[in-house]
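Here the structure comes first, spelled out in C-alpha cells, and everything after it is commentary.
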Amino acid sequence: MNEPFNNENKKTEQLKSFIRDNTGKPLTSNEGIKISDDENSLKAGDRGPTLLEDFLFREKLAHFDRERIPERVVHARGYGAHGIFQVYESQEELTMAHFLQDPSLKTPVFLRFSQVAGSRGANETDRDVRGFATKFYTEEGNFDLVGNNIPIFFIQDSIKFPDLIHAVKPEPDNEIPQGQTAHDTFWDFITSNQESAAMTLWIMSDRTIPRSFRMIEGFGVHTFRLVNKHGKSRFVKFHWKPLLGLHSLLWDEAQKIGGVDPDFHRRDLWENIEAGNYPEWELGIQVIEEEDEYNFTFDILDATKLWPEELVPVRKIGKMTLNRNVDNVFAETEQVALHPGNIVRGIDFTNDPLLQGRLFSYTDTQIYRVGTNFQQLPINRPVCPVHNNQRDGNARYVIDQGKVAYHNNSLANNTPYTVPGTKGGFVTYPSLVHGYKVRATAPSFDDHFSQAKLFWNSMSPVEKHHIIDAYSFELGKVNSIEIRQKLVNMLAHIDRVLATRVGENLTLQPAEVPESTVTESSPALSMMNTRYLTNTLKVGVLVDEGFAGEETREVLEMLIKNGLKPVIISVRNGMIRDDKGDQWVVNASFLTTSPVLYDGLYLVGSENADPYFINRARAFIVESYNHFKPIGSSPLGEKLLQELGIAGKPGVVTNHSANVFSKVFTEAMAKQRFWDRY
Ligand code: HDD
C-alpha cells in the first residue's frame, strides 16, 4: 500500500537531504581527510618531479578527468526549473490518474526546456524546435510528458529518427554548421521525405525563435489514451498554454542575440524565477472517443498531423507554475532522465509508430548517458515508495536489506507483492490488435500537404512574410541547386504563392504539380491571436549625465507598476547623476548591452547630452524601430526622433505628461510590435 502523502512539495523535501552546503566548511578529500595545502602538489624537492604518492592530487585530477558525461544525442542544450501542477477539477470521468483527481493536490514537477539540434554549448536563439519536457512526481509514480513547442513532428515512424538527426546535425566531414537547419543534408532529408512538409512550415515560422521559454506552448505531440476507473479509454492529446502568451523574436534579433547573449533564454528564465515572476502554463486536453477513431480526414495516430482546435476543442484542466530554480544544473537539469514511456495508471499508449519507437529509445539512452541506476539519482527518484527485486549495477545508491531478491518467494512472504488493478496496480489497457507482421505504413498516413496548407492559410500576412523569408534564408545557405529546386517544388504542393515567392528569392520556378485544395484555416495556429501583456517585458531606459531625475522616476515607477522591467542604460557602467545631483545605478552600458535585448526603449536623454551618447542612442533607436518595437521619449529626446524621421510613427510615443505617457507607452509595450511600420 502507498505510504501517506502530504501536500507540500515533496520533491523539494526529498532533494534537501542530498544538498551539501560547502560554505564555511574545512576542505577535505572525498574520503573526508582534511586538506592542508590545495595549491602545491607533493614534489621531490620544490622544483619537482611530482610524486605518485600524492593521493590528494591523484583524487582531484582523476575526478576532474571524468567530469563530463555524454551530452544528449539530441536536445543537448537545455535548462530546467522546479514547480507544481494543480488540476482545476477532478478528471475522474476521463482518467484514474491520481494527480488529476483532487484540485487541492499540488504535484511537484520538473520542467526541462531544450533545443533539438545544437550541442550543449549552442546559442540559445538558434532557429530550432524547443523541447518542453515535464516530469510529474505523482503519488503513483513519475509521469513524464516529453513534448515540444510544436504539435507535430517531422516523421511518422521512429525508425527514421536517426536519419533525421544525422541530417540536421553538423555535416560529418567538416562539422559545420552548429545548431542550424540551414544546410544541404537537412533539406536533402526533408525533400526526400515529404511527410516532413507540414513540419517545415512550423519550423520556418516564428515559433522556432521564441522570445522566452516562458512564452512558448508545449505539446505532447502523440496521441495517448486516458483510461477511467471503469476501464473506458479515450484518445487524448496534451497541450501547455503559456499565460504570458506566445511571443517570438525576429530572425535578425535572434541571430544578433546569439552573439550578444548566447544564454538569453536561460538567463531570462533564471532571472524571472529569482524575481518571483513565476511562469505559468495551463494544461489542455483534446479528447476523441474511441468510436470516433476513423471519423477524421487524417489518421489520429499520425504524429505529422494535429487535431485542429476548431474541430476538437482544447479543454483547460489545470495549471503548472515554475517557482524554484535548481541548486545545481549538472545534478538536476543534466542528470534528469525524461522518458515518454513513464506513464501512470489512468494514462496509456496508442499504436502511434513514432511513440512506439520512443518507448525504447529513452531508457536506452539514459542507461548509456547517466548509468544503470539513473532512476536512483536524486532528481529522478519518484516521491512515492519504490520496492522491487532489481539489484546491483554500476553506482548503486540504495541499500536493499535481506537475502530475498526474487519473486515468487516464501522467505519474505512473497514481498514485495504485486498489486491488482483494482487496488492501484498498473494494468495495460487491453486494446485490440490484429494484422500481419509487415514493414509498412498505413495508407491513411499518406496525405502530407493538407495540414501544411491549413497551417499556411491560418497565418497572418506578417507571419507569411516571415515564413517566406525563413525558407529563402535556409535555401540560400544550401549549396545544391537540385535540393533548392526540390524544396520549391515541394512547397508548390502546399501553396503556389508560397512556392513562387520563395522561388523568386532563389531565381527558381516551381514545377507544375497538384496544389492542395484545402481552403480552411485554423485561427488557433496564428501567433497573432495570442495574449498581449506587459508582464516582465524589458524597457531599455537611455539616460545621460544630468537627465531629468524627477520626471524619469515618476515614469519608471508607473511602468514598474504596469509590470514592465526598466533597465537603466548609459555611457558608462557604475553610477550616474541626474539634474538634481542624485546618484542612479546604471544597469548596463552601451558597451555591455544591445537594443536586441529589450522589448522597447525609453529615451530620456539630457539637456546637454554628449555626442557619444547621442550617437549610441541613435543606433539603439534605429535598430529598435526596424525591429518594430515601441519607442518612448522624453520631450528632450523628441529632437532626435524628429531628426531620424520617426517622430509620430506607429508605436513611437512622446512624453508630455508622465501620467499620459506611461499609459500610452504601456499600451504600446503590450502590443509589442508595430507591424504597420513595414
Ligand atoms: Fe526525443 C530527447 C521530444 C521523437 C529519441 N526528445 C528528447 C527531449 C525532448 C524530446 C523534449 C529532451 C528531454 C530532456 O529534456 O531531457 N522527441 C521529442 C518529441 C518527439 C521526439 C516531442 C516526437 C514527437 N525522440 C523522438 C524519437 C526518438 C527520440 C522518434 C527515437 C526513436 N529523444 C530521443 C532520445 C533523447 C531524446 C535519443 C535524447 C536524450 C534523451 O532522450 O534523454 O532518446
>> Can you compute the radius of gyration and Dmax for region 456-525, using only the Cα atoms, both in Å?
In response: 12.2, 36
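Given a Förster radius of 45 Å and the C-beta distance between V329 and E89 as r, what FRET efficiency does 1/(1 + (r/R0)^6) yield to the nearest 0.05?
Working: r = 36 Å, r/R0 = 0.80.
It comes out at approximately 0.80.
If DNA, RNA and ligands are ignored and the probe is 1.4 Å, what is the ranking of M575, M459 by accessible area, most exposed first? Please report the intermediate quantities before stating the final value.
On the way: M575 105, M459 15 Å².
Descending order: M575, M459.
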>> Under the √(5λ) rule applied to the eigenvalues of the Cα gyration tensor, what semi-axes describe the equivalent ellipsoid of the chain? Give them in Å, descending.
In response: 44, 37, 27
>> Tell me the mean residue ellipticity at 222 nm calculated for the chain from its helices only (DSSP H runs of n ≥ 4, each -39500 (n - 2.57), averaged over every residue, nearest 500).
In response: -8000 deg cm²/dmol
> Shape call for region 30-94 from the C-alpha gyration tensor, a ≥ b ≥ c root eigenvalues: rounded (a/c under 1.5), prolate (a/b greater than b/c) or oblate?
Replying inline: prolate
> Each label point is 7 Å from the Cα along the Cα-to-Cβ direction; what then is the distance between the points at K25 and A395, in nm?
Replying inline: 1.9 nm
> What is the list of residues in region 174-208 whose amide nitrogen lies under 19 Å from a point 7 angstrom out from the Cα of F298, following Cα to Cβ?
Replying inline: 190-191, 193-208
> For region 506-569, what log10 I(q)/I(0) values come out of the Debye formula at q = 0.27 1/Å, with one point per alpha carbon and no solvent?
Replying inline: -1.13
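In debye, nearest 20, what is the charge dipole magnitude of region 456-525 about its Cα centre with +1 on Lys and Arg Cβ and -1 on Asp and Glu Cβ, if you could check?
Working: 6 positive and 9 negative charges, 32 e Å.
Using only the charged Cβ atoms, the result is roughly 160 debye.
For the peptides 392-404, 641-653, what is the packing order when you average, over each peptide's residues, the other Cβ atoms within 10 Å and list the highest mean first? Present the calculation step by step, with values, prior to reporting the outcome.
On the way: 392-404: 10.2, 641-653: 16.2.
Output ranking for 392-404, 641-653: 641-653, 392-404.
Filter the trypsin sites (Lys or Arg not before Pro) in region 37-78 to those in DSSP coil with at most 15 other Cβ atoms within 10 Å of their Cβ, and list the result. Write out the running numbers ahead of the final one.
Values: sites: K43, R47, R58, K60, R66, R68, R72, R77; in loops: R47, R66, R68, R72.
Within region 37-78, the qualifying trypsin sites (Lys or Arg not before Pro) (loop, at most 15 other Cβ atoms within 10 Å) are R47, R66, R68.
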> How big is region 538-677 in terms of Cα radius of gyration and Dmax, in angstroms?
Replying inline: 13.4, 41
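Note the full-extension length gain between Q101 and S444 as 0.36 nm times their separation in residues minus their Cα-Cα distance, in nm to one decimal. Mind showing how you got there, number by number?
Working: separation 343, 0.36 × 343 = 123.48 nm, distance 3.58 nm.
Between Q101 and S444, full extension yields an extra 119.9 nm.
Ranked from the most accessible area to the least, with a 1.4 Å probe and all protein chains present, what is the order of H222, H465, H656? Intermediate values should be presented prior to the final figure.
Numbers: H222 0, H465 65, H656 140 Å².
Highest to lowest solvent-accessible surface, that is H656, H465, H222.
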>> Please give me, ordered by residue number, the chymotrypsin sites (Phe, Trp or Tyr not before Pro) of region 331-362 that lie in loop per DSSP and have at most 11 other Cβ atoms within 10 Å.
In response: none
> Which value does Rg/Rh take for region 67-117 over its C-alpha atoms, Rh per Kirkwood?
Replying inline: 1.20
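Going down the list K160/K237; K169/K486; K256/K486; K241/K538, which pairs span over 28 Å between their C-alpha atoms? Please list the in-between numbers first.
Numbers: K160/K237 23 Å; K169/K486 21 Å; K256/K486 30 Å; K241/K538 22 Å.
Correct reply: K256/K486.
Which FRET efficiency value, to the nearest 0.05, is calculated for I159 and T519 with the Förster distance at 30 angstrom and r the Cβ-Cβ distance? Could the numbers behind the result be given before it?
Working: r = 35 Å, r/R0 = 1.16.
Efficiency, from the Cβ-Cβ distance: 0.30.
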> How many nm separate the modelled label positions at D65 and K232, each set 7 Å beyond the Cα in the direction of the Cβ?
Replying inline: 6.3 nm
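Going from most exposed to least, what order do Y294, Y417 have by accessible area with a 1.4 Å probe?
Numbers: Y294 185, Y417 130 Å².
Solvent-accessible surface, decreasing: Y294, Y417.
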> Measuring from label point to label point, each 7 Å out along Cα→Cβ, what is the S17 to Y612 span in nm?
Replying inline: 5.8 nm
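The values are calculated or read from the model by the stated rules, or taken from the named source; none is laboratory data. Just so you know, these numbers come straight off a predicted model, no measurement behind them. For neighbour counting, all protein chains shown are included, and Cβ atoms are generated from backbone atoms with ideal geometry for every residue, glycine included. Just so you know, the surface numbers come from the protein's heavy atoms only, side chains and all, with ligands and any DNA or RNA stripped out. Shrake-Rupley method; radii C 1.70, N 1.55, O 1.52, S 1.80 Å.
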